[in-house]
Amino acid sequence: MAGRAQTIRLGLSRMERLYDANKQSWKAFHVAGTNGKGSICAYLSALCSSSNISHGRFTSPFVHHPSDSIHINGKPISVQEYLEHENFIRRLPGFNDDPPSPFEMMTLIAFRAFAENKVSYGVVETGMGGRLDSTNVMRKKSVNIFSRIDMDHNQFLGSNILAIAAEKSGIITTPGTPCIVDDTSDYHVLDVIAHKAQEMQAPLHLISDDTTLTSLLRRECPKHKFAPHEVTNLTCALLAFSKVFPNAFAMDDIPEILPKLARTRMPGRLQRLDISHRLPKRKAPILLDGAHNMAGVEALSTYVAHGLRNDEPVTWVVSLSSPRDEEALDLIRALVQDRDSIVFTEYGSRSTELERESRPPAISAKALKTRCERRILPEDRIHSEPDVTKALQLAANISQNGPMVVTGSLYLGSEILNWHKESE
């Protein structure tokens, strides 16, 4: 397989050779799962900022440049700082013996940036899995957090949910470190995590067990337009933060901090985007979301049904990555309704060399159109346009300022955000 599959090499040998975990000067919030990891990290970072706790944050994929995956106290490091850390790492003894993958390099740079900026805590999202993920080289962890776990990256993590859960539960590496778990996952997943936690004598906290917190958020979050899955991610973050900093806030303080947390967004996740400066005829914002697996698509579909559709047809702009080939039809079926239209496109035409190295290629827009014709929608409402800019223009013409959603891949989201930024 071309693209990212060639650069994913799960295992800690390269990280252990190039990173001395014994010298880790900061403690980690380590976040694993299938969907929601980035949002949990964003909420944790916002909570740290509100409490004046010095912290770094490492999430992926990047949007404009790898440097924007690494934040210090809420702000991305500069490209110059990123390159300085990269040059330092490339000069380490043994670097060329077995060079790190692109994601491993980003992890090394993030950890060095945390140390050089003397942060007290690092909010760290796994890249894939957990047990053999490059971030799992850390040894000082304050809490492990598990977002919802579903089928994803089967070719790397295992062909069934138990195997995937076992890989992700592998971030439980330090005895006694509390584990916060989104228990909307399948009960078999919860059993796997519970077994690993027991093995490591790590306290296990299911978010539904904290009835005071969940009841409060159920009452207050609708006032600030949190989507249901966002409430779940927020619950994980608040519970984890309270375990590390039990005196940071009282339950009565939460309604006061919710407005700030409601404004906390990861780029390309349920993001309303005004593109009128690029496409003047499109006055209404589009919705940009990186849903790329069944759990994410179902959450997006629910959000669109309750917060966007308003009994109108939706125009979808969709690009899927090559590992999604076998599940493409199921993903599209979960999104569209009878009166909708789809424009298939292909991210990648605007990619940098680094992006091409670290990302899988997109599935052909023409192939997706052919596969979906008559099976999902009539031919006249399924379109293919490989060029992302032209695909947006076509979708804008079809939608006539009605609901328009761009989804299928975080890489597509990244490309559109770069396009959006170019002429601001």
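The values are calculated or read from the model by the stated rules, or taken from the named source; none is laboratory data. This structure is a prediction, so every number in the text was calculated from the model and none was measured. Cβ: placed from backbone, ideal geometry, glycine included. Neighbour counts: every protein chain shown.
When only residues in segment 306-331 that are of a type in the set (Ser, Thr, Tyr) and not in a helix (DSSP H, G or I) count, which is surrounded by the fewest Cβ atoms within 10 Å (Cβ to Cβ)? Among those residues, the one meeting the criterion is Ser321. Restricting attention to segment 91-104, which residues are exposed (fewer than 13 other Cβ atoms within 10 Å of the Cβ) and assigned to a helix (DSSP H, G or I)? Listed by number, the residues that qualify are Asn96, Asp97.
Out of curiosity, is Glu346 crowded, with 19+ Cβ neighbours inside 10 Å, closer than 30 Å to Lys140 by Cβ and of a type in the set (D, E, K, R)? It is false that Glu346 is crowded, with 19+ Cβ neighbours inside 10 Å, closer than 30 Å to Lys140 by Cβ and of a type in the set (D, E, K, R).
Matching residues to (1) at pLDDT below 95; (2) polar (S, T, N, Q); (3) touching a Lys or Arg at 6+ places or on another chain (Cβ under 6 Å); (4) over 23 Å from Pro246 (Cβ atoms):
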| site | (1), (2), (3), (4) |
| --- | --- |
| Ala42 | no, no, no, no |
| Asn73 | no, yes, no, no |
| Leu83 | no, no, no, yes |
| Glu86 | no, no, no, yes |
| Arg91 | no, no, no, yes |
| Asp97 | yes, no, no, yes |
| Phe114 | no, no, no, yes |
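Say we look at segment 20-33 and pick out the residues that are touching a helix residue (DSSP H, G or I) at 6+ places or on another chain (Cβ under 9 Å) and surrounded by fewer than 24 Cβ atoms within 10 Å (Cβ to Cβ); which of these is farthest from Phe146 (Cα to Cα)?
Here is the first cut: in segment 20-33, the residues touching a helix residue (DSSP H, G or I) at 6+ places or on another chain (Cβ under 9 Å) are 21, 23-33.
The next check asks that each one be surrounded by fewer than 24 Cβ atoms within 10 Å (Cβ to Cβ); those that pass are 21, 23-27.
Numbers: Ala21: 22, Lys23: 26, Gln24: 22, Ser25: 24, Trp26: 20, Lys27: 17 Å.
In this case the residue turns out to be Lys23.
Checking each residue in segment 23-37 for being part of a helix (DSSP H, G or I) and either hydrophobic (A, V, I, L, M, F, W, C) or more than 14 Å from Thr135 (Cα to Cα) (or both) picks out only Lys23. Scanning segment 44-57 for residues that are over 19 Å from the mean Cα position of the chain (by Cα) and part of a helix (DSSP H, G or I) turns up Cys48, Ser49, Ser50. Scanning segment 195-238 for residues that are of a type in the set (Gly, Ala, Ser) and either under 19 Å from Glu298 (Cβ atoms) or free of Cβ contacts under 8 Å to residues at least 12 places away in the same chain (or both) returns Ser215, Ala227.
In segment 371-385, which residues are crowded, with 16+ Cβ neighbours inside 10 Å and under 21 Å from Glu326 (Cβ atoms)? Walk me through it before giving the result.
From segment 371-385, those crowded, with 16+ Cβ neighbours inside 10 Å are 371-372, 376-377, 381-385; that's our starting set.
Scanning segment 371-385 gives Arg371, Cys372, Ile376, Leu377, Ile382, Ser384.
Any idea how many residues of segment 239-251 are without any contact (Cβ under 8 Å) to a residue 60 or more places away in the chain and under 25 Å from the mean Cα position of the chain (by Cα)? Summing the residues that are without any contact (Cβ under 8 Å) to a residue 60 or more places away in the chain and under 25 Å from the mean Cα position of the chain (by Cα) in segment 239-251 gives 2.
With the structure loaded, tell me whether Leu108 is free of Cβ contacts under 8 Å to residues at least 40 places away in the same chain, in a helix (DSSP H, G or I), outside the structural domain of Ser322 (by TED's automatic domain parsing) and out of contact with any strand residue (DSSP E or B) (no Cβ under 9 Å at 6 or more places or on another chain) or whether it fails that test. No: the conditions fail for Leu108. Quick check on Ala165: is it closer than 27 Å to Ala202 by Cα, touching a residue at least 40 places away in the same chain (Cβ under 8 Å) and aliphatic (A, V, I, L, M)? No. Scanning segment 195-205 for residues that are surrounded by fewer than 18 Cβ atoms within 10 Å (Cβ to Cβ) and in contact with a helix residue (DSSP H, G or I) (Cβ under 9 Å, 6 or more places away or on another chain) yields His195, Pro203.
Residues that are touching a residue at least 24 places away in the same chain (Cβ under 8 Å) and surrounded by fewer than 17 Cβ atoms within 10 Å (Cβ to Cβ) were ranked within segment 399-416; the one that is nearest to Leu279 (Cα to Cα) is Asn401.
Scan segment 58-79 and tell me whether some residue there is assigned to a helix (DSSP H, G or I) and closer than 23 Å to Asn233 by Cα. Yes, segment 58-79 contains a residue that is assigned to a helix (DSSP H, G or I) and closer than 23 Å to Asn233 by Cα. Looking across segment 252-296, the residues that are β-branched (Val, Ile, Thr) and either loosely packed, with under 15 Cβ neighbours inside 10 Å or touching a residue at least 60 places away in the same chain (Cβ under 8 Å) (or both) come down to Ile257, Thr264, Ile275, Ile286.
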